[in-house]
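Here is the structure we will look at.
The values are calculated or read from the model by the stated rules, or taken from the named source; none is laboratory data. These figures come from a predicted structure and were not determined experimentally. Cβ placement follows ideal geometry from the backbone for every residue including glycine, while neighbour counts extend to all protein chains displayed.
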Amino acid sequence: MRVEVLWDPTVLDWRARLGLSQDRIVEAVNAAAEELGFVEGSIGVRITDDESIHEINARHLAHDYPTDVISFPYSEDESVIEGELVASVETAQQNAVDAGWGTDNELLLYVIHGVLHIGGLDDHDDFDRIEMRAAERAVLTKLGIDAGPAAEGQAVE
(Lines give C-alpha, C1' and ligand atoms only; values in the text may rest on other atoms or scores of the structure.)
Protein backbone atom coordinates (compact mmCIF):
# COMPACT_ATOMS: atom_id res chain seq x y z
CA MET A 1 0.00 0.00 0.00
CA ARG A 2 1.34 3.40 -0.94
CA VAL A 3 0.59 6.12 1.61
CA GLU A 4 1.63 9.75 1.33
CA VAL A 5 1.25 12.07 4.32
CA LEU A 6 1.38 15.85 3.98
CA TRP A 7 1.20 18.32 6.85
CA ASP A 8 0.19 21.77 5.63
CA PRO A 9 2.71 24.49 6.53
CA THR A 10 0.09 26.12 8.78
CA VAL A 11 0.03 23.04 11.06
CA LEU A 12 3.66 21.93 11.06
CA ASP A 13 3.99 23.02 14.70
CA TRP A 14 1.23 20.52 15.57
CA ARG A 15 3.26 17.67 14.16
CA ALA A 16 6.01 18.30 16.72
CA ARG A 17 3.60 19.04 19.60
CA LEU A 18 1.59 15.87 19.08
CA GLY A 19 4.58 13.62 18.56
CA LEU A 20 2.51 11.89 15.89
CA SER A 21 4.93 10.32 13.45
CA GLN A 22 4.34 9.74 9.78
CA ASP A 23 4.87 6.03 10.46
CA ARG A 24 1.98 6.03 12.96
CA ILE A 25 -0.34 7.69 10.43
CA VAL A 26 0.74 5.19 7.75
CA GLU A 27 0.09 2.37 10.24
CA ALA A 28 -3.45 3.71 10.82
CA VAL A 29 -4.11 3.96 7.09
CA ASN A 30 -2.91 0.41 6.49
CA ALA A 31 -4.90 -0.97 9.44
CA ALA A 32 -8.10 0.71 8.22
CA ALA A 33 -7.60 -0.53 4.65
CA GLU A 34 -6.86 -4.05 5.90
CA GLU A 35 -10.01 -3.95 8.07
CA LEU A 36 -11.94 -3.70 4.80
CA GLY A 37 -9.86 -6.40 3.10
CA PHE A 38 -7.64 -4.14 0.99
CA VAL A 39 -3.95 -4.90 0.60
CA GLU A 40 -3.26 -2.83 -2.52
CA GLY A 41 -3.85 0.81 -3.23
CA SER A 42 -2.79 4.37 -2.68
CA ILE A 43 -3.99 6.81 -0.03
CA GLY A 44 -3.02 10.45 0.34
CA VAL A 45 -3.41 12.04 3.77
CA ARG A 46 -3.37 15.81 4.22
CA ILE A 47 -3.37 17.27 7.72
CA THR A 48 -4.58 20.86 7.75
CA ASP A 49 -6.30 23.57 9.81
CA ASP A 50 -9.95 24.61 10.13
CA GLU A 51 -9.62 27.46 7.64
CA SER A 52 -8.36 25.18 4.87
CA ILE A 53 -10.80 22.34 5.52
CA HIS A 54 -13.64 24.89 5.64
CA GLU A 55 -12.64 26.05 2.17
CA ILE A 56 -12.47 22.46 0.87
CA ASN A 57 -15.81 21.62 2.48
CA ALA A 58 -17.46 24.64 0.86
CA ARG A 59 -15.93 24.02 -2.55
CA HIS A 60 -16.55 20.27 -2.81
CA LEU A 61 -19.58 19.65 -0.59
CA ALA A 62 -21.27 23.08 -0.43
CA HIS A 63 -21.00 23.07 3.38
CA ASP A 64 -20.04 26.47 4.75
CA TYR A 65 -18.21 25.34 7.89
CA PRO A 66 -15.05 23.53 8.93
CA THR A 67 -15.31 19.80 9.54
CA ASP A 68 -13.21 16.96 10.89
CA VAL A 69 -12.36 14.92 7.81
CA ILE A 70 -13.26 14.87 4.12
CA SER A 71 -12.52 11.88 1.92
CA PHE A 72 -12.22 11.58 -1.83
CA PRO A 73 -12.41 8.01 -3.18
CA TYR A 74 -10.86 7.57 -6.62
CA SER A 75 -10.90 3.88 -7.52
CA GLU A 76 -13.82 2.10 -9.10
CA ASP A 77 -11.88 -1.18 -8.94
CA GLU A 78 -13.27 -2.90 -5.84
CA SER A 79 -10.02 -4.82 -5.30
CA VAL A 80 -7.95 -1.65 -4.84
CA ILE A 81 -8.39 1.26 -2.45
CA GLU A 82 -7.43 4.66 -3.81
CA GLY A 83 -8.21 8.13 -2.63
CA GLU A 84 -7.28 11.12 -0.56
CA LEU A 85 -8.44 12.47 2.75
CA VAL A 86 -8.07 15.82 4.46
CA ALA A 87 -8.25 16.05 8.26
CA SER A 88 -8.29 19.10 10.52
CA VAL A 89 -5.94 19.00 13.49
CA GLU A 90 -7.70 22.05 14.97
CA THR A 91 -11.07 20.27 14.96
CA ALA A 92 -9.32 17.22 16.42
CA GLN A 93 -8.05 19.35 19.30
CA GLN A 94 -11.54 20.73 20.00
CA ASN A 95 -13.26 17.33 19.83
CA ALA A 96 -10.57 15.43 21.75
CA VAL A 97 -11.55 17.18 24.97
CA ASP A 98 -15.17 16.00 24.67
CA ALA A 99 -14.02 12.53 23.64
CA GLY A 100 -11.76 12.22 26.67
CA TRP A 101 -8.52 11.43 24.87
CA GLY A 102 -5.60 13.17 23.20
CA THR A 103 -5.60 15.19 20.02
CA ASP A 104 -3.28 12.60 18.47
CA ASN A 105 -5.84 9.82 18.91
CA GLU A 106 -8.68 12.02 17.68
CA LEU A 107 -6.67 12.86 14.56
CA LEU A 108 -5.88 9.18 13.99
CA LEU A 109 -9.61 8.48 14.30
CA TYR A 110 -10.25 11.00 11.51
CA VAL A 111 -7.63 9.32 9.33
CA ILE A 112 -9.20 5.91 10.00
CA HIS A 113 -12.69 7.27 9.32
CA GLY A 114 -11.57 8.82 6.04
CA VAL A 115 -9.92 5.61 4.87
CA LEU A 116 -13.05 3.62 5.75
CA HIS A 117 -15.09 6.06 3.63
CA ILE A 118 -12.63 5.73 0.75
CA GLY A 119 -12.94 1.96 1.08
CA GLY A 120 -16.72 2.08 0.72
CA LEU A 121 -18.21 2.40 4.22
CA ASP A 122 -20.73 5.13 4.86
CA ASP A 123 -22.43 6.58 7.93
CA HIS A 124 -25.50 8.38 6.64
CA ASP A 125 -28.07 6.17 8.34
CA ASP A 126 -28.20 4.29 11.65
CA PHE A 127 -27.27 0.89 10.20
CA ASP A 128 -24.29 2.29 8.31
CA ARG A 129 -23.20 4.30 11.37
CA ILE A 130 -23.15 1.14 13.48
CA GLU A 131 -20.99 -0.60 10.88
CA MET A 132 -18.66 2.41 10.64
CA ARG A 133 -18.26 2.68 14.43
CA ALA A 134 -17.52 -1.04 14.71
CA ALA A 135 -14.83 -0.77 12.03
CA GLU A 136 -13.34 2.31 13.72
CA ARG A 137 -13.21 0.50 17.07
CA ALA A 138 -11.61 -2.57 15.48
CA VAL A 139 -8.88 -0.48 13.85
CA LEU A 140 -8.23 1.57 16.99
CA THR A 141 -7.90 -1.66 18.95
CA LYS A 142 -5.43 -3.04 16.38
CA LEU A 143 -3.39 0.10 16.90
CA GLY A 144 -3.40 -0.40 20.67
CA ILE A 145 -5.64 2.60 21.29
CA ASP A 146 -8.42 2.36 23.86
CA ALA A 147 -11.51 2.56 21.69
CA GLY A 148 -13.65 3.74 24.61
CA PRO A 149 -14.36 7.22 23.22
CA ALA A 150 -15.37 5.78 19.83
CA ALA A 151 -17.49 3.16 21.56
CA GLU A 152 -19.25 5.89 23.51
CA GLY A 153 -20.41 7.62 20.34
CA GLN A 154 -17.70 10.29 20.30
CA ALA A 155 -16.46 9.12 16.92
CA VAL A 156 -16.56 11.18 13.77
CA GLU A 157 -20.04 12.37 12.84
* Give the number of residues within region 60-118 that are more than 20 Å from residue 20 (Cβ to Cβ) and of a type in the set (Phe, Trp, Tyr). => 3
* Structure fact -> By residue number, the members of region 129-143 that are of a type outside the set (Gly, Ala, Ser), in contact (Cβ under 8 Å) with a residue 40 or more places away in the chain and either more than 23 Å from residue 46 (Cα to Cα) or in a helix (DSSP H, G or I) (or both) are 139, 142
* Could you figure out which of (1) touching a residue at least 40 places away in the same chain (Cβ under 8 Å); (2) loosely packed, with under 13 Cβ neighbours inside 10 Å isn't true of residue 86? => (2)
* **Considering residues of region 7-27 that are of a type in the set (A, V, I, L, M) and in contact with a helix residue (DSSP H, G or I) (Cβ under 9 Å, 6 or more places away or on another chain) only, the residue nearest to residue 109 (Cα to Cα)** => 25
* Structure fact -> Sole miss for residue 36 among (1) modelled with pLDDT under 95; (2) surrounded by 13 or more Cβ atoms within 10 Å (Cβ to Cβ) is condition (1)
* Would region 62-75 turn up any residue that is crowded, with 16+ Cβ neighbours inside 10 Å, closer than 30 Å to residue 40 by Cα, among the small types (Gly, Ala, Ser) and out of contact with any strand residue (DSSP E or B) (no Cβ under 8 Å at 6 or more places or on another chain)? -> no
* Asked: For region 1-113, which fully contained helices (runs of 4 or more DSSP H) count at least 3 residues that are within 20 Å of residue 140 (Cβ to Cβ) and of a type in the set (A, V, I, L, M, F, W, C)?
  -> 22-35, 89-99
* In region 101-123, what count of residues is obtained for those that are modelled with pLDDT under 95 and among the polar types (S, T, N, Q)? -> 0
* **Matching residues, region 103-128, being more than 14 Å from residue 67 (Cβ to Cβ) and either among the polar types (S, T, N, Q) or without any contact (Cβ under 8 Å) to a residue 60 or more places away in the chain (or both)** => 103, 105, 122, 124, 125, 126, 127, 128
* To do: Taking the options 49, 146, name whichever one is in contact (Cβ under 8 Å) with a residue 40 or more places away in the chain and over 16 Å from the mean Cα position of the chain (by Cα).
  => 146
